[in-house]
Amino acid sequence: MGGLHVERKKLMAKFVEIASEKMGKDLETVDEENTFEELGFDSIDVIDLVMFFEDEFALRIEDEEISKIRKVKDLIDIVIKKLEEIDDEVSES
């Protein structure tokens, strides 16, 4: 479980980096409970953010999963789940 906590911190840092550098958002204070609406993201911004994460980590987030993303935590949870699935597939090979 300790590794997962570090992963969350890394993903949160990556979120802030992508939002700031690639999307021009100024996020001085952000935590996982913030909604994207509170942070000034519209639905297109969220899709762009998902695409950045997909490219960064070579994973695929399905449309029905994207539609459930409301908070930063939702995105982080989905990315962690996808990374775990990839890790499980590699472990089984």
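The values are calculated or read from the model by the stated rules, or taken from the named source; none is laboratory data. The shown structure was predicted, so the numbers you read here are calculated from the model rather than taken from an experiment. Cβ: placed from backbone, ideal geometry, glycine included. Neighbour counts: every protein chain shown. Heavy atoms of the whole protein, side chains included, go into the accessibility calculation; ligands, DNA and RNA do not. Shrake-Rupley method; radii C 1.70, N 1.55, O 1.52, S 1.80 Å.
Of the residues making up region 12-42, those that are part of a loop (DSSP other than H, G, I, E, B) and of a type in the set (S, T, N, Q) are Thr29, Asn34.
Applying the selection to region 14-25, what residues are touching an Asp or Glu at 6+ places or on another chain (Cβ under 9 Å) and open to solvent by 70 Å² or more (accessible area, probe 1.4 Å)? Selection gives Lys22 alone. Picking from residues in region 43-93 that are open to solvent by 80 Å² or more (accessible area, probe 1.4 Å) and not in a helix (DSSP H, G or I), the one that is farthest from Glu21 (Cα to Cα) is Ser93.
I'd like the full set of residues that are of a type outside the set (Ser, Thr, Tyr), surrounded by 10 or more Cβ atoms within 10 Å (Cβ to Cβ) and modelled with pLDDT of 80 or more, limited to region 26-38. Please lay out each step first, then the result.
Filtering region 26-38 for residues of a type outside the set (Ser, Thr, Tyr) gives 26-28, 30-34, 36-38.
Going one step further and asking which of them are surrounded by 10 or more Cβ atoms within 10 Å (Cβ to Cβ), we end up with 27, 30, 32, 34, 36-38.
Hits for region 26-38 are Val30, Glu32, Asn34, Phe36, Glu37, Glu38.
With the condition kept exactly as written, say whether any residue in region 63-74 is out of contact with any strand residue (DSSP E or B) (no Cβ under 9 Å at 6 or more places or on another chain) and touching a residue at least 40 places away in the same chain (Cβ under 8 Å). Yes, region 63-74 has at least one match.
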